[in-house]
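The values are calculated or read from the model by the stated rules, or taken from the named source; none is laboratory data. Quantities reported herein were computed from a predicted structural model and do not represent experimental measurements. Note that each Cβ is placed from the backbone with ideal geometry, even for glycine, and that neighbours are counted across all protein chains shown. Calculation scope for accessible area: heavy atoms of the full protein, side chains included, ligands and nucleic acids excluded. Shrake-Rupley method; radii C 1.70, N 1.55, O 1.52, S 1.80 Å.
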Amino acid sequence: MPARTDIRTILVLGSGPIVIGQAGEFDYSGTQACHALREDGFRVVLVNSNPATIMTDPGVADRTYIESLDLETVSAIIAKERPDALLPTLGGQTALNLAVELFEAGVLDQYGVELIGADVDVIRRAEDREVFRACMHEAGIPVLDGRIVSSLAEATTAAEALGFPLILRPAFTMGGEGGGSAATPEELARMAERAITASPIGQVLVERSIAGWGEFEFEVVRDRNDNAIIVCSIENIDPMGVHTGDSVTVAPAMTLTDTELQRMRDVAIAVVRAVGVETGGANVQFALERSTGELVVIEMNPRVSRSSALASKATGFPIAKIAARLAIGYTLDELPNDVTGVTPASFEPALDYVALKMPRFAFEKVPAVVPVLSTYMQSVGEVLTLGRSFGEAFGKALRARELDVPAEVPDSLSAALACLATPRPDRYDVMLWACDAGATAGELASASRVDPWFCDQIVQFAEARRAVRRNLVELTADDVRSAHRAGLTDRDIAAATETTEVEVIAQRHRLEVRPSVHAVDTCAGEFAAASPYFYTAYETETEAPSPSGKVIVVLGSGPNRIGQGVEFDYCCVQAVQAARDLGYEAVMINCNPETVSTDQGVSDRLYLEPVTLETVIEVAAIERPVGVITQLGGQTPLRLAEAIAQAGIPLIGTPPHAIDLAEDRGRFGALLHGLGLRSPEWRVAPSATEVGAATEAIGFPVLIRPSYVLGGRAMAICHSAADVDEYLTRERPQGAVFVDRFLERAVEVDVDALCDGQSTWIAGIMEHVEAAGIHSGDSACVLPAQSLGPATIDAIGAQVGAIARAVGVVGLVNVQFAVVNEAIFVIEANPRASRTVPFVSKATGVPLVRHAVRLMLGESIADLDLPEPRPGGYVAVKEAVLPFSRFPSTDPVLGPEMRATGEVMAIRGSFAQAFAAAQRAAGQRLPRSGSVFVSARDADKPDAVSIAGALGRAGFRLLATEGTGRALGAAGLQVEVVRRVSEGADNVVDRIAAGGVDLVINTPGGRSAHDDGAQIRRAALRYGVPCATTIEAARASVQAILSGGGSPARPLAIQDVHRAVSTSR
Amino acid sequence: MHRPALVVLEDGLILRARSVGADGTRTGEMVFTTSMSGYQEAVTDPSYLGQILCFAAPMIGNYGAGPGYCESGRVWPEAVIMRVAGNLPGAAGPMGWQTWLTEHGVVAVDDCDTRRLTRHLRDHGAMRGGVSTELGDEELLALVRTAPTLDGRDLAAEASGPRRSLGSDGPVVVAVDCGMKASIASELVVAGARVEVVPPTISPAEVLAFDPQALFISNGPGDPAAVADVVPLIRDLLGKIPVFGICLGHQLLARALDLSTVKLPFGHRGANHPVRRTHDGRVEVTVQNHGYAVELPPGGRDGIEVTRTSLFDGSVEGIAAPELRAWSVQYHPEARPGPNDAAYLFADFVERIGK
Ligand SMILES: Nc1ncnc2c1ncn2[C@@H]1O[C@H](COP(=O)(O)OP(=O)(O)O)[C@@H](O)[C@H]1O
Ligand SMILES: Nc1ncnc2c1ncn2[C@@H]1O[C@H](COP(=O)(O)OP(=O)(O)O)[C@@H](O)[C@H]1O
Ligand SMILES: [Mg+2]
Ligand SMILES: [Mg+2]
């Protein structure tokens, strides 16, 4: 059966902003699906609020809405675009839940939209924990004993029946959000409520804990002929109790007998049939008690998922693309396996390598959170590596994580083993340390409950590492080869031999030990495949491709982490496409499976490898590129630029000395001075003890940060010597400390520009909503700038031009400014693509990266025929999305250190409307009426009065804490003073909990006010009440509310916006 | 502690490896399987007689070895080649895989570039090879070049086990054991048959003496054209009682129906082979282990239906002669190791003959 002819327009929902549990993997699957559907002649309408995605590029769908993924907005889009069908299985849990909402609201019926891929019954059977259990029982499929609850009382009864410890699993959530394990009635009481609120239907499954059982996943694909295949089995090395998203996982399963494996395969297919997934991909999770053989189904997801993206990349089988084509009527045997070209998609991939995924955590970014892994996901990214042995994949993955903060190691073997009893983010590092301290595989296994086979592999890895703890020059070719075959990277060998990676590479080359290259061919070598997808190993024969044209290598950004996310992947993919359009062969290097860049169909060739010097040098030796691009993948490749150039590999774009000029504080300071540009006064304190002198010279307030960290970590604003002391005691900075004059109430401005080394073209001057002091990645921003006068705008443009030229930028540059009244201060210049490049590209319709690539290849700004940057009457707002709901014990305030995981965007006719729409897309539903609670620090009180006054006039009831209340009252406003938490019952938190507050405005004061305010902000977060934590955000919110609160009426397709923008020029 | 070992192919490819099993030198037809699970089941499959088995999957022996995972009473490949062989106890039993191989006297090596070997066989076709823990390159190569090829050798009798009766109830099936995997017999019993296992040298009269409801021809090693006794046996009984064949049994049924068999370039060995059923178009993921295939003349043959086709290379995967009540499949519905998609075939068969 070929594609259906009774449908023409298909609506595809994306997954929205990157949050923990839902990252770029849905950009990968959605983009793939859109391409597949359009190839088959369908018209695709896409909705996704996340601008940092490839899928929202105007060329991917016929109609693209960068709009909030909510019922009202999508209903309006349906009314406008009249799709025949909705494909909800590609946008993660967000899309699935929204599809159910649209159905329940009658919107799909009203407009005659058919759900394809999964209908509502299927979604309910899979996602509603109660219906799922009933369905499994009926089909005779084993599930764990458990109770469905929707109140604390029910949870307590369930606990009596089941006994502690218990696991709470909310329905219709993802990444285990709101769930967890409870060992005592107190813990249960604390967690039950949270779990119930986390579930959109208020339903939680309470189960006996089976932490420690083996956890396995199967990726099933089924077509309408009832053909079902297993794309891949995945084994979680971390047993049950650690969310699969936080577990180290390996494909194919390593420790299962064929009997166990086939049993799971049969059950997985039975689950998919029972739930009724007729076409597409699904993921089934199992727990296996190894000693008794008891097998239970944990859950199934009737959609593509993080695991299916992983499985696709682990096997070369593009699940999303196939699923999309199955949804429109094809069967598996009608679809080709693109890799072999000669066989159909109805087969099960055979692997002759090991694929290993390792999570990347960012606990250092959320202080006050105990880094313990549980059943809800906390990692922010992951890496996938391939090797010809388990060790190879494991060792590469350890390296590919790019830890900013080295794992903490215990001080004794017994401490190490004790520490392993609780799953922590650094448990594998601790295990390796324990191996060196003499731990056996058996000891590791009983301490951690990780299967002994994996522990033995880890012991072998540690042994291999010890074997090279010698003098580098003494190592023979065999030693080095064995080390690599055991999984060591050159950096590991460098660490063991106390040398550098560069020295190890040189020595390895002298010894003529070079990696072999292997294709991911889906068939374990059985067919001659034209695969563009490679990994390296140390075998006796290489399958290295021979480039047939001029090659450009693009370096990716490695695992997602806070501060370096999919926006860089967007840039890399754009570059690959640009290079291909310009007639080059584009080669991609990256190890992040949650990306479009690691889709084997995107580049001419993909190397799934850690983004390290070792990889770049070896790939360059094969590909002989005319240029390597390091400026698009964030800091990861930028850090390698110098060494790549030193290795004699042609680098294109901003040269390393220019990068250094921009990144080195001293040199950059001198450069600004030479150009006569101002920057906040700053000093370097050579050590912590000299910070006092530095602050004295500058004067308070100051911004302090250690010199050795990137990404704004451990930054703090200090208003007094006491603050400084507290900072120094808390952070104990090693080495030099930077002290900057902190500019108060400054408007922060972010500029993205293109430069050819001489001329500069300003792509966008963005004004931040929050004042300087809130990290640029965490603040909302608007394009064009709203409050800056033309003179300031021109001056900023001129300054960017001067800096870019003086630095010697070729390609993209980002400069951040703080503007105090009319005075412009330069905060920093990044000689690379910035986080805002996708936003600016989409707001203006100018594909910045494509132009940047042409500049890197030698063209000049004048050659590019760039438009006058004028966003034609539209205002675009970008809002950050923060991970606080994952970490309920943290205070959700913003500061100079970035915490956002993702972003959303909205375009409207005015700032107020765009800001409102962006808030809505970010999940902050601004009220149109009701009660506002205001509590502002002293400095903000005057502003608070005017803001509250506006709200009062608009009919809002005003609530406030005492001090703020007094200020409001004094200004003649009607206000009810509400008790602080410490003042007893019916306090502000109680009010929030009871639903008596619709908007919270709470700006943190000094440290003392912290506790009270923190409780208010946490309560707002917990009960989903919109909360402004800066006075600027509060002001913008009020403007937004007064403009109509982000009404979803008249959503704008990006294609229309771009057409309007270009014709207005 | 592991001795170095050598793997060679008759065309001169030489690969280094290390011994993880018994010492010695073996030659045979070099084949690879892409199956990722069930290593112990694989090496105890009698169809590997006369062959050297290379596992394309790299991590073999991860979960130990034990008595519950044997498809017969011994190890059949002349030698086993792996990328990484494990030696820990595990779910399959308390014995490490290397130890098990050593105790079974199997010449086994790991640390070998199995992907290269696989790709080489894929590109150059099946050929003789050798594995040695003792000989040098030239000696081993010379030995390999003088070793007999598989073609034309009747190995069925050698692979056959003792006569035995299995099951207690149901229709009687006489199963001709050409190297039958244990799970075929047990699947037949589970499906409700009484199974009389007999050697390939059995006469038609002896078969009929069981008063059977059906004849079953098993899988087995080697070249179907060389198996002397079974084709006449089938011819004699065709039409008298239903006949069902698996793998070699399928090829022998085909030959009994005057179809020909040909050698495949490098065979089908794996657990992921898609096969389309003619009657309903559905696809089964099947387990395969064969080096020869059945061919029909262009335009087909009256009275014979092709019931199943490989989606990998279009080769014949199942035939039926409905008038004669004879059916066969090229693949392994009993799986072990591999997916159970086709397990229904046993129940179907027993149900049909029960009627
Ligand atoms: N009964 C249980 N005992 C112990 N751990 C459990 C139990 N149920 C689930 N888990 C763990 O919780 C994790 C998340 O649960 P799951 O239902 O899969 O949530 P999600 O829908 O977010 O994937 C699983 O990966 C597993 O490790
Ligand atoms: N001198 C300053 N005065 C006020 N705010 C500042 C100053 N320097 C930095 N900031 C704030 O701190 C944030 C992070 O600083 P930045 O130097 O950009 O670090 P990063 O390298 O993490 O981007 C900025 O976005 C800005 O809001
Ligand atoms: Mg799950
Ligand atoms: Mg910055």
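Odds and ends about this structure:
- Sites A:Asp6 and A:Glu541 - FRET efficiency at Förster radius 35 Å, r taken between beta-carbons, to 0.05: 0.10
- Taking a Cβ cut-off of under 12 Å around B:Arg269, the surrounding Lys, Arg, Asp and Glu residues balance to a net charge of -2, with basic ones at +1 and acidic ones at -1.
- When only alpha carbons are used to place a centre, segment A:156-232 and segment A:460-476 end up 44 Å from one another.
- Applying the criteria of a DSSP loop state and at most 14 other Cβ atoms within 10 Å to the GluC sites (Glu not before Pro) of segment A:826-923 yields A:Glu859.
- If you take all other residues with their beta carbon under 10 Å from the beta carbon of A:Pro610, and give Lys and Arg +1 and Asp and Glu -1, the sum is +1.
- Quotient of C-alpha Rg and 2.2 N^0.38 Å, computed over segment A:607-760: 1.28
- Between the Cα long axis of helix B:137-146 and the first principal axis of chain B there is an angle of about 20°, rounded to the nearest 10.
- Sequence-separation-based contact order of segment B:40-97, relative, with Cα cut under 8 Å and 6+ spacing, percent: 44 percent
- The long axis of helix B:114-124 is offset from the longest Cα principal axis of chain B by roughly 60 degrees.
- Calculated FRET value between B:Asp348 and B:Lys240, using beta carbons and R₀ = 22 Å, to 0.05: 0.60
- Ranking B:Ser168, B:Ala142, B:Gly129 by how far each Cα lies toward the positive end of the dipole of segment B:127-172 (charges on Cβ) leaves B:Ser168 at the top.
- For segment B:107-125, accessible area lost to neighbouring protein chains reaches 40 Å² or more, against the chain alone with a 1.4 Å probe, at B:Asp113, B:Arg115, B:Arg116, B:Arg119, B:Arg122.
- With a 10 Å cut-off around each Cβ of B:77-86, the average count of Cβ atoms from other chains is 2.
- Size of electric dipole in the protein assembly as shown: Cβ of Lys, Arg +1 and of Asp, Glu -1, about Cα centre, debye, nearest 20: 2000 debye
- Lysines with Cα under 17 Å of A:Lys313, excluding same-chain neighbours fewer than 8 positions away: A:Lys321, A:Lys357, A:Lys396
- Distance (nanometres) between label positions extended 7 Å along Cα→Cβ at A:Glu474 and A:Ser946: 7.3 nm
- Segment A:299-364: relative contact order in percent, alpha carbon pairs under 8 Å with at least 6 residues between: 23 percent
- Listed residues A:Val131, A:Val751, A:Gly391: farthest to the positive end of the dipole of chain A (Cβ charges): A:Val751
- With every protein chain in place, segment A:394-499: carbon and sulfur % of accessible area (1.4 Å): 49 percent
- Look at the stretch A:538-545: the mean tally of other chain Cβ atoms within 10 Å of its residues' Cβ atoms is 3.
- Per residue, the convex hull around the alpha carbon atoms of chain A comes to 163 Å³.
- Most positive-pole-ward Cα, A:Pro847, A:Thr249, A:Leu728, against dipole of chain A from beta carbon charges: A:Pro847
- Solvent exposure of segment B:1-154 as accessible area per residue, Å², 1.4 Å probe: 32 Å²
- Taken residue by residue and averaged, Cβ atoms of other chains lying within 10 Å of the Cβ of A:247-255 number 3.
- Chain A, relative contact order in percent, only Cα pairs under 8 angstrom and at least six apart counted: 10 percent
- Greater than 32 Å apart at Cα, pairs in A:Lys80/A:Lys365; A:Lys80/A:Lys878; A:Lys365/A:Lys842: A:Lys80/A:Lys365
- Computed from point charges on the beta carbon alone (+1 for Lys and Arg, -1 for Asp and Glu), the dipole magnitude for segment A:55-122 about its Cα centre is near 180 Debye.
- Taken along the Cα-to-beta-carbon direction at a fixed 7 Å, the label points for A:Ala722 and A:Val370 span 3.1 nm.
- Distance between segment B:180-223 and segment A:70-106 - C-alpha centres, whole angstrom: 59 Å
- The packing ranking, built from the mean of other Cβ atoms within 10 Å per residue, places the peptides B:297-307, A:465-475 in the order A:465-475, B:297-307, highest first.
- Computed helical MRE - 222 nm, the protein assembly as shown, DSSP H runs ≥ 4 contributing -39500 (n - 2.57), nearest 500: -9500 deg cm²/dmol
- Modelled spin labels at A:Asp863 and A:Asp145, positioned 7 Å past Cα toward Cβ, are 7.3 nm from each other.
- Full-extension gain in nm, A:Thr500 to A:Leu403, via 0.36 nm per residue minus C-alpha separation: 33.2 nm
- Per residue accessible area of segment A:1-96, 1.4 Å probe, in Å²: 23 Å²
- Charge dipole (Cα centre; +1 on Lys/Arg Cβ, -1 on Asp/Glu Cβ; no other charges) of segment B:43-159 amounts to roughly 340 debye.
- All other residues whose Cβ lies under 11 angstrom from that of A:Thr197 are scored, Lys and Arg at +1 and Asp and Glu at -1, for a net of 0.
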